[in-house]
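The values are calculated or read from the model by the stated rules, or taken from the named source; none is laboratory data. All values reported here derive from a predicted model rather than from experimental measurement. Cβ placement follows ideal geometry from the backbone for every residue including glycine, while neighbour counts extend to all protein chains displayed.
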Amino acid sequence: MITCVVRYKIDPAKIDAFERFATAWMGLVDRHGGTHHGYYLPGEGSSDEALALFSFPSLAAYEVYRQRFGTDPEFVAADRIRDESGCVLRHERTFMRPLLP
């Protein structure tokens, strides 16, 4: 299993748009072979950072999912929320492997 951790710098004034964007992506990950563990939004403290965690059985399975980016209409629509609203200022993606009991 591989877990993708995405760190977002978001515009706090556009949190509603970010939530729409996040909700769309949670469904896409789950429908296309992954397990979404949720988005973690600002609570207290820093108000411009958010996280997403989702897993795929392997990096190869993640790459199959990634092939839909920019071509699949649902993926394009989800990205349009981000692009048109400007809710995401930047993001970085890291892959981790879980150590489970």
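Per-structure values
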read-out: Residues satisfying the stated conditions in segment 27-65, i.e. in contact with a strand residue (DSSP E or B) (Cβ under 7 Å, 6 or more places away or on another chain), within 16 Å of Ile2 (Cβ to Cβ) and small (Gly, Ala, Ser); value: Gly33, Gly34, Ala52, Ser55, Ser58
read-out: Leading residue by the ranking (surrounded by the fewest Cβ atoms within 10 Å (Cβ to Cβ)) among those in segment 32-73 that are at negative phi, at pLDDT 90 or above and small (Gly, Ala, Ser); value: Ala60
read-out: Test for Thr3: is it out of contact with any helix residue (DSSP H, G or I) (no Cβ under 9 Å at 6 or more places or on another chain) and of a type in the set (S, T, N, Q); value: yes
read-out: Strands (runs of 3 or more DSSP E) enclosed by segment 2-83 - at least 2 residues per element that are free of Cβ contacts under 8 Å to residues at least 60 places away in the same chain and within 25 Å of Pro98 (Cβ to Cβ); value: 35-40, 49-56
read-out: Condition check for Leu89: surrounded by fewer than 13 Cβ atoms within 10 Å (Cβ to Cβ), in contact with an Asp or Glu (Cβ under 8 Å, 6 or more places away or on another chain) and either of a type in the set (A, V, I, L, M, F, W, C) or in a helix (DSSP H, G or I) (or both); value: yes
